[in-house]
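Student: First the structure, then my questions, so here it is.
Only the coordinates and a few stated rules stand behind these numbers; no lab work does. Treat the numbers as computed from the prediction; the structure is a model and nothing was measured. Neighbour counts are summed over all protein chains in view; Cβ atoms, including those assigned to glycine, are modelled from backbone coordinates with ideal geometry.
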Amino acid sequence: MNSDETAYIAEFLEEKYHQYNTKAFIDSDPIQIPHQYNRTQDIEIAAFLTAAISWGRRSQIIKKAEEFLAFLDHQPYDFVKEASHDDIKRMRRFLYRTFQGVDAEYFISALQNIYQNHGGLRRVFEDGFRHKKSIFEVLIHFRMLFFSPDAPERTLKHIADVAKGASAKRLNLFLRWMVRADPSGIDFGIWKGIPASSLMIPLDIHTGTVARKLGLLTRKQNDWNAVEELTSRLRAFDSKDPVKYDYALFGLGIFEDF
């Protein structure tokens with residue numbers, strides 16, 4: 001790709017970023033679920049659980065995330081902090097595709113451990129970044145902490161293992177929501193201990209397809225190597241906020257069938 005082509009693509013993505021990075025985006029996106037809350041801990045728990053089931057049709061994700069939060073009485077932090085074993089067992093009634101009741105039950109138990117014994121999601125991720133200095137290492141650290149030795153085997157697949165090459169789309173999406181100080185108010189920007197410049201693109205089939213058509217991604221698999229390749233290309237366009245172009249790539253794939 002020559003300099004003229006690079007400049008054109010940079011300008012094109014900037015235009016599409018501004019087109020889709022508006023408040024209207026919230027109305028059709030799962031990020032609307034954490035936007036129902038005001039307290040930091042409620043936002044981050046609602047965001048984490050919503051991101052955890054963010055695959056498939058967005059309308060279904062929104063519906064099932066609402067249902068998930070209803071099991072927590074729409075008070076996610078208070079529930080996670082205070083729930084008894086019997087309270088947590090009610091999660092067994094939740095089902096979304098391959099994310100089943102046993103997975104939901106474990107997720108709430110793991111979050112309870114994180115908030116009772118490790119200072120909460122924000123501290124786990126920000127402390128991890130302070131020591132590890134890369135999102136790749138932070139995601140490895142988080143997964144090890146999240147899963148205790150007695151975690152159900154079937155639940156392990158619901159937290160991506162980047163050490164085995166997973167793209168970790170849902171975790172990177174969650175981090176985008178928490179870290180980016182978005183001028184349009186879509187992403188929350190409530191975690192200050194991780195710079196937006198270090199975030200990695202939430203790579204899925206839509207962003208991957210569009211990126212390849214634009215010549216920004218050569219790797220065929222949507223794996224961690226592809227995440228690194230694409231994020232590196234996007235940092236050349238905006239080194240301080242590379243994942244803002246997730247809006248452009250995703251919007252082109254979803255709304256324009258680019």
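Student: For Ile201, enumerate residues with amide H under 5 Å from its amide H, sequence gap 5+ or separate chain, H modeled in the peptide plane.
Tutor: Here Thr231 satisfy the definition.
Student: While we're on this one: Let me make sure I get this right: for the range 18-169, a, b and c are the square roots of the gyration tensor eigenvalues over alpha carbons, sorted descending. Under 1.5 in a/c it's rounded, otherwise prolate if a/b > b/c, else oblate. Which is it?
Tutor: Details: a/c = 1.33, a/b = 1.07, b/c = 1.24.
Because its axes are fairly even, with a/c under 1.5, the range 18-169 counts as rounded.
Student: Right, another one. Quick one: putting +1 on the C-beta of Lys and Arg, -1 on the C-beta of Asp and Glu, what dipole do you get for the range 14-76 around its Cα centre, in Debye to the nearest 20? Intermediate results must be reported in sequence, preceding the final value.
Tutor: Working: 7 positive and 9 negative charges, 35 e Å.
The dipole magnitude comes to about 160 debye.
Student: Over all alpha-carbon pairs in the chain, figure out the percentage whose distance exceeds 26 Å.
Tutor: On the way: 12675 of 33153 pairs.
Percentage above 26 Å: 38.
Student: To the nearest 500 deg cm²/dmol, what mean residue ellipticity at 222 nm is calculated for the chain from DSSP H runs of n ≥ 4 alone, each contributing -39,500 (n - 2.57), summed and divided by the residues?
Tutor: On the way: 12 runs with 140 residues, N = 258.
Calculated at 222 nm, the ellipticity per residue is -16500 deg cm²/dmol.
Student: Let me ask another. Using a Cα distance threshold of under 23 Å, what count of lysine pairs results for the range 176-258 when pairs must be 8 or more residues apart or interchain? Working shown, then result.
Tutor: On the way: Lys192/Lys240; Lys192/Lys244; Lys213/Lys244; Lys220/Lys244.
Count of close lysine pairs: 4.
Student: So if I take the alpha carbon set of the range 49-132, get Rg, then get Rh from the Kirkwood formula, what is the Rg over Rh ratio?
Tutor: Working: Rg = 13.6 Å, Rh = 13.6 Å.
Value, to two decimals: 1.00.
Student: A follow-up question, please. With unit charges on the beta carbon (Lys/Arg positive, Asp/Glu negative), name the residue among Ser239, Leu173, Thr98 whose Cα is farthest towards the positive pole of the charge dipole of the range 3-254.
Tutor: Farthest along the dipole direction, towards plus: Thr98.
Student: Follow-up. If you place +1 on the Cβ of every Lys and Arg and -1 on the Cβ of every Asp and Glu, how big does the dipole about the Cα centre of the chain come out, in debye to the nearest 20? Mind showing how you got there, number by number?
Tutor: Working: 35 positive and 35 negative charges, 94 e Å.
Here the chain has a charge dipole of around 460 debye.
Student: Also: If you average the C-alpha positions of the range 137-206 and of the range 29-67 separately, how far apart do those two centres end up, in angstrom?
Tutor: Here the two parts' Cα centres lie 14 Å apart.
Student: What percent does the relative contact order of the range 163-208 come to when contacts are Cα pairs within less than 8 Å and at least six residues apart? Walk me through the intermediate numbers first.
Tutor: Working: 50 pairs, mean separation 18.0, N = 46.
Averaging sequence separation for qualifying contacts and normalising by length gives 39 percent for the range 163-208.
Student: Right, another one. Give the value in nm², to one decimal: projected area of the alpha carbon convex hull of the range 140-258, averaged over all directions.
Tutor: On the way: hull surface 32.8 nm².
Averaged projected area of the range 140-258's Cα convex hull equals 8.2 nm².
Student: Further, regarding this structure: Could you go through the range 3-12 in sequence order and give the Karplus-derived ³J(HN,Hα) for each residue, using 6.51 cos²θ - 1.76 cosθ + 1.60 with θ = phi - 60°, rounded to whole Hz, and x for Gly and Pro?
Tutor: 5, 5, 5, 4, 5, 5, 5, 4, 5, 5
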